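FYI, it's all coordinate maths here, none of it is from the lab. Here the structure is a predicted model, which means the values were calculated and not measured. Note that each Cβ is placed from the backbone with ideal geometry, even for glycine, and that neighbours are counted across all protein chains shown.
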Amino acid sequence: GKRTIVLTGTSSGLGKATLKALCARGDNFVICGVRDMEKMQAVAEELGLDPSSYTIRPLDLSSFASVRRFAKEVKAVKGGKPLDALVCNAAVYLPARDYPTFTPDGIEESLQINHLSHFLLVSLLLDDLKKAKDPRCVIVGSITGNDNTIAGAFVWPRASLGDLKGMQEGAKEPVSMIDGKDFNGAKAYKDSKMCNMMTVNELHKRYHDATGITFSSMYPGCIAETALFREKRQWFRTLFPLFMKYVTGGYVSENEAGERLAQTVWDPALKTSGQYWCWNGQAQQFGYYDPATKQVRGAGGSGGTVFPGKLAGQVMDQTKAEKMWELSSEITGAT
Ligand code: NDP
């Protein structure tokens, strides 16, 4: 039979391209978790998807209740069959706001949508994954949350969880940042991506040996044309893809990025758990410095082959990751 795959945020950008790539392989059945069912129906029609290769279920990541309902629906759709893969892709990026916006649960939007709700979703579906033959659990990361890359470290503001004071206080309005400091939308996004990558490392550490699940994160490259940048000014949205393509070399098309994320689910070569996958394009700026070879390894950009990227700095801080894990469990009620 087909492999059953849960994918969040399939109505746009990377998620949409990944859905297309997975369905084109013919051996996958994708459960699409989206906040806007009608939009998704139109997208599925536009892509001309085979109705036997997907189904759509409502998932609003700004509500823990919705995440719990979605997990139940996933179990119902599978009807006792194992879940082969869970791919956490959806995210918001809110750099233009000078004040925080809060979800119905009273949590800053990027923190809940990008990190906390996916954290909860993974915990709710872990048992179903465990039963599959080659289970994969992928959370999309980003260089912007990896503070050893040139782009991650030198493009202000930097991701930093500080001492997690904001989370310690419960991460509820008026608290908006994980470090408890004043709101900064671009930083809130980077912090949430940092949590995504730390979560994968912790999942690997805590559950890989016992469950056989392959946990991984990945950096798709700079997909400069997705709606992620919807809040940026028009001049930025016009020039950014060109800059990425011709100046930094970090640009990757939605289709190619979608093939990459899909690859983390099916490729036997990507079965090693606990990895942060990158593709060896030409974008030196988005690479990382490898002290062993004293070279910067390019990551992002079009073309090239997949390789295990190196995470360093705060993302690899064990004490911080454990604290982040404990606090995320408390806030979401994940067990
Ligand atoms: P898009 O904005 O195009 O897609 C984001 C998706 O998330 C959309 O489908 C959106 O739904 C969905 N979403 C947003 N909020 C919610 C919510 N509350 N509940 C459910 N779904 C929601 O961005 P990208 O495709 O670029 O981003 C996808 C992933 O790739 C993210 O994890 C991002 O961090 C990562 N990434 C992107 C890079 C890039 O250069 N673009 C680089 C590195 C990483 P809707 O269609 O309804 O808006």
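Some notes on this structure:
- Note on the stretch 68-143: Rg/Rh from Cα positions, Kirkwood definition for Rh, rounded to two decimals, is 1.06.
- Residue-count net charge about PRO135 - beta-carbon cut-off 12 Å; Lys, Arg +1, Asp, Glu -1: +2
- Its DSSP H runs of at least 4 residues, each contributing -39,500 (n - 2.57), put the calculated 222 nm mean residue ellipticity of the chain at -12000 deg cm²/dmol, to the nearest 500.
- Per-selection metrics, the chain (Cα): Rg and Dmax in Å: 18.4, 52
- With the highest mean first, a sort of the peptides 159-169, 107-117, 83-93 on other beta-carbon atoms found within 10 angstrom per residue produces 107-117, 83-93, 159-169.
- 20 Å Cα-Cα threshold exceeded, pairs from LYS16/LYS39; LYS130/LYS205; LYS81/LYS131; LYS20/LYS310; LYS81/LYS130; LYS20/LYS75: LYS20/LYS310; LYS20/LYS75
- In summary, the lysines within cross-link reach of LYS181, defined as a Cα separation below 20 angstrom excluding same-chain residues under 8 places away, comprise LYS165, LYS172, LYS190, LYS193, LYS320, LYS323.
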